[in-house]
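Read the figures in this text as sums done on the coordinates, not as results from a lab. Everything quoted here is computed from the prediction, not taken from an experiment. With ideal geometry, Cβ positions are generated from the backbone for all residues, glycine too; neighbour counts draw on all protein chains shown.
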């Protein structure tokens, strides 16, 4: 450390990059405990470095995405009927999760749960859980609605949570935000 007692640019850079001896690191950390000015400098330099790394990733990611788009177009061919068919190997589809429709409020009758479709979904997995997060019912369906079995009984004045997952490709599931409803029926009939 310089004679001023504060870290200079070289000390700060060496400390952040980990290029200091253990004894020097210990002295710097001891100084940082009591010196707010040097602590702020270290935090500021770390912030600049993180921001620069993110910008570098963006500068690489955007051209890479454009190149992938060009490749997809180049790999397209017609299917014989004049329609384009795209051949994509290993490309991940955009993440689109199901949006819950009903129930989302207080209910006294519940025959089914419904949600918006996810384009290209293979199937959907539905789970209804009790307040204590224990699943009370599960189903796997191909449609955007699932019928609730008549045998399922809900407890009056209890909140239930539910969610839907869409299988967008084999083994890959996108989950909805959780929804909830209050079971307000005083009696068991649905």
- Task: Quickly work out the residue 132-to-residue 152 label distance, labels modelled 7 Å from Cα along the C-beta direction, and quote it in nm with one decimal.
- Result: 2.0
- Stretched out fully, how many nm does the piece from residue 143 to residue 111 gain, at 0.36 nm a residue minus the Cα gap? 10.0 nm
- Message: I need the shape label for segment 1-46. Rule: rounded when a/c is under 1.5, else prolate if a/b > b/c, else oblate, with a, b, c from the alpha carbon gyration tensor.
- Response: rounded
- Note on the structure: Listed with the fewest Cβ neighbours within 10 Å leading, 128, 16, 148 appear as 16, 148, 128
- Prolate/oblate/rounded label for segment 100-183 (Cα gyration tensor, a/c 1.5): prolate
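Using Cα pairs closer than 8 Å and at least 6 residues apart in sequence, work out the relative contact order for segment 100-183, in percent.
After rounding, I find 36 percent.
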- Message: Report the gain in length on full extension from residue 24 to residue 44: 0.36 nm times residue separation, minus Cα-Cα distance, nm rounded to one decimal.
- Response: 5.1 nm
